[in-house]
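Let me begin by presenting the structure, written as structure tokens, before commenting on it.
Throughout, read-outs are computed from the coordinates displayed, never taken from laboratory work. It should be emphasised that the depicted structure is a prediction, and the values quoted were computed from it without experimental measurement. All Cβ positions, glycine included, derive from the backbone under ideal geometry; neighbour counts span all protein chains shown.
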Amino acid sequence: MNAKKRVISLEVTSQPYFKFLEDSINLALGFVSSYVCVANVHMLVEASQDAGFSKIVNGADLVTPDGVPLAKSIKFFYGVSQDRVAGMDLLPDLLKSSEERGIKVFFFGGTDSMLDLTRKFCAKVYPSLDVVGMISPPFRAISYKEEESYIRKINSSGAGFVFVALGCPKQEKWMAAMKGRINACMIGIGGALPVMIGMQKRAPKWMQEAGLEWLFRLSQEPKRLFSRYFITNSVFLFLFLREWFKIKVLRYN
């Protein structure tokens, strides 16, 4: 796997999109206890404010540059062209590959109704995909006994992929805690699942390419997302400019 590149608070894996697919599939085929973080600006800002969370993300086997700002930052700071590796693209591509290669998949997280829609969607779009289990954990803290039962259920299912939809930072913390305990490749898919199954719409292609997908999501859920995006994007801009100053000004003076 390719070396990671530091983008402010995150160590982001820098490689072509197809290589992320290939590496993830190999982890799943080998039943390697591993996890993949799909990183965006929100995750970067969380990591910049929480050293423990930064360690969790940077300890992942792969950290994909989900958001355009992360992919462009690699280009800006290192002069390396980097594909955007969005969870909304990665999830369906991995499900298709799993169907073709006989990899069993498991979904962990989301509500019962979301998982029911996921089951129906997969049966329709990926009819030969082997979905071996789904768990909608409670929103409260999970007890040790419950956690152990989840681990046994996932491991006994023979799943190569565990798609985790708990939201950031909860899903990343859960995956890190499960490394060495769950024998599969775990991937934090966050908001990609409701988009894939049609519960939410995805931004038009031009907005995706322009790095404005967040603005489209904001227009769909303004009350819930306004504070998050306003604060997060402002903090990211500050962190980016500070990093630029350190690299481009202080380093060469």
Dipole in debye (nearest 20) - the chain, about Cα centre, beta carbon charges: Lys, Arg +1; Asp, Glu -1: 520 debye
Would you calculate the separation in nanometres between label points at residue 139 and residue 123, each defined as 7 Å from the Cα along the Cα-to-beta-carbon direction? 2.8 nm
Partner lysines for residue 170 [C-alpha distance under 20 Å; skip if fewer than 8 residues away on the same chain]: 55, 145, 179
What FRET efficiency do you get for residue 170 and residue 199 if R0 is 22 Å and r is their Cβ-Cβ distance, rounded to the nearest 0.05? 0.70
What order do you get for 38, 105, 131, 235 when you list them from fewest to most C-beta neighbours inside 10 Å? 235, 131, 105, 38
Please turn the phi angles of the range 6-20 into ³J(HN,Hα) values with the Karplus equation 6.51 cos²θ - 1.76 cosθ + 1.60 (θ = phi - 60°), one per residue in order, whole Hz, x for glycine and proline. 6, 10, 6, 10, 10, 9, 8, 5, 10, 6, x, 4, 4, 6, 4
Under a GNM of the chain (C-alpha, springs under 10 Å), which listed residue has the highest mean-square fluctuation: 192, 60, 177? 177
Label-point separation in nm, residue 26 to residue 146, each point 7 Å along Cα→Cβ: 3.7 nm
Reviewing [x] 18.1, 60; [y] 17.2, 50; [z] 23.8, 84, the figure for Rg and Dmax of the Cα atoms in Å actually calculated from this model sits under [x]
Test of understanding: what is the full-extension gain from residue 220 to residue 234, defined as 0.36 nm times their sequence separation minus their Cα-Cα distance? 3.0 nm
Here the net charge surrounding residue 126, from other residues whose Cβ is less than 14 Å away from its Cβ (Lys, Arg +1; Asp, Glu -1), is +2
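Order these by the 10 Å Cβ neighbour count, fewest first: 149, 128.
128, 149
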